[in-house]
Every structure is written in C-alpha cells, then in structure tokens.
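As structure tokens, the structure follows; a few thoughts come after it.
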Amino acid sequence: MHIRDATPADFPAILALNHTFVAVLSSLDEARLAHLHAQAAQHRVIERNGEVLAFLLTLREAADYDSPNYRWFAARYPRFLYVDRIVVSASAQGLGAGRQLYRDAYQYALDHALPVLVCEYDIAPPNPASARFHTGLGFREVGAQTLGAGKQVSLQALEIAADTPLSRP
C-alpha cells in the first residue's frame, strides 16, 4: 500500500468508496467531488496494485464549502485543517490505512504551522468504531451539533503541538 495525491482519474473509485459508506458520510457526486478536489489542502489516496483502497480529503480555512460542520469550525478557529472525509475500504480496514492518512494530514498541518486538525463523527446514530479510532489518535470533543433527520455529530479537534500518537514515528 502506498499513499499519493488523488487525481481526477481516481474519482470513480473515490465516489464508489464514498457511496459504500454514505450512511456515515454525506453524499457525493462527481461535480461536488471536483469542486472539493479543486479546493482541497490535501486529497490523498492509498492504493495497492492500482486499486484505490482509501482516501482522505482535507480543507483549510476560507474554503468555499457549505458543510455545516466545516462552517462550525470556521466560525471558531481562524486557522485549521479540516478532515472533510476519510474512507477506508472494507478490504483495507485494520491494516493501518486510516492511521496512515491521518498521520499524513497531521504532517501537513505541522508543515504549514496550522494549530489544529479537526473533524467530526456521528454520535446519533452512533459510530462507535469512529469514536474509538479518533480517541485513540488523541482527538477530543470540542462541540456537538444536530443536523437534519436527527443526525448528531461530535466535533473533534487535535492540537498539532500536542504529543499524540500521530506525532510519533
């Protein structure tokens, strides 16, 4: 498995992964993906033998993005790196792909002197695997909000200067 920048040629695989896990993500079509890709601080994929197994898309402050979660962070943090979405295929789960992508995002934030890496995960309906994963990386809850259809998210932050599992080799 190796990590690299995503390209438009990866969009079909990215959209398929997103669709598979849409229950814990927001939906995504090709036009919206192209819009996010153009603004992304990072859009990375992990591939093995030419197959995209995982992807990560991050945005910085001042992006043109209508996500209520992104806007929540933008209203509270002047500088940040926002993980819009990360997806790891079922075949790659448990192999460290998610941690590798988050370590890459952490390094980007460190290299660009960004003070915080932020994200959210569902708490209603609950996503205990995501809660365990993010807690294990050192994230802490900084807020929560309710979205449409009763969906509630935990808004999470990881200080870049902090000693966390992502800051260690």
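The values are calculated or read from the model by the stated rules, or taken from the named source; none is laboratory data. Predicted model only: the values in this text are computed from it and were never measured. Note that each Cβ is placed from the backbone with ideal geometry, even for glycine, and that neighbours are counted across all protein chains shown.
Data table
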item	result
Residue that is more than 15 Å from the chain's Cα centre (by Cα) and in contact (Cβ under 8 Å) with a residue 60 or more places away in the chain, where the choices are Leu147, Leu155	Leu147
Selection from the stretch 142-169 of residues that are touching a Ser or Thr at 6+ places or on another chain (Cβ under 7 Å) and within 23 Å of Ala97 (Cα to Cα)	Leu158
Failed criterion for Ser27 (all others in (1) at pLDDT 95 or above; (2) assigned to a loop (DSSP other than H, G, I, E, B); (3) hydroxyl-bearing (Ser, Thr, Tyr) hold)	(1)
Test: residue in the stretch 88-100 that is within 11 Å of the chain's Cα centre (by Cα) and hydroxyl-bearing (Ser, Thr, Tyr)	no
Flag for Phe11 being touching a residue at least 40 places away in the same chain (Cβ under 8 Å) and either outside any loop (DSSP other than H, G, I, E, B) or under 23 Å from His112 (Cα atoms) (or both)	no
Sole exception among (1) within 20 Å of Val153 (Cβ to Cβ); (2) in a helix (DSSP H, G or I); (3) touching a residue at least 12 places away in the same chain (Cβ under 8 Å) for His37, by number	(1)
Condition met for Gly98 (in contact (Cβ under 8 Å) with a residue 12 or more places away in the chain and touching a Pro at 6+ places or on another chain (Cβ under 8 Å))	no
Options Ala16, Ala92, Ala40, Ala9: the member that is under 27 Å from Ala161 (Cα atoms) and among the hydrophobic types (A, V, I, L, M, F, W, C)	Ala40
Single residue of the stretch 7-18 satisfying the filter (surrounded by 14 or more Cβ atoms within 10 Å (Cβ to Cβ) and at pLDDT 90 or above) that is farthest from Ala124 (Cα to Cα)	Asp10
Matching residues in the stretch 85-143 - criterion: being within 19 Å of Ala13 (Cβ to Cβ), outside any helix (DSSP H, G or I) and not hydrophobic (A, V, I, L, M, F, W, C)	Arg85, Ser89, Gln93
Selected residue [of a type outside the set (Phe, Trp, Tyr) and under 20 Å from Asp163 (Cβ atoms)] from Arg85, Arg99, Arg71, Arg79	Arg99
Boolean, Val116 is crowded, with 17+ Cβ neighbours inside 10 Å and farther than 21 Å from Ser26 by Cα	yes
Residue satisfying condition, being at pLDDT below 95 and charged (D, E, K, R), within set Arg79, Arg44, Arg4, Arg85	Arg85
Residue among Asp64, Asp104, Asp163, Asp122 that alone is more than 12 Å from the chain's Cα centre (by Cα), within 21 Å of Gln42 (Cα to Cα) and among the charged types (D, E, K, R)	Asp64
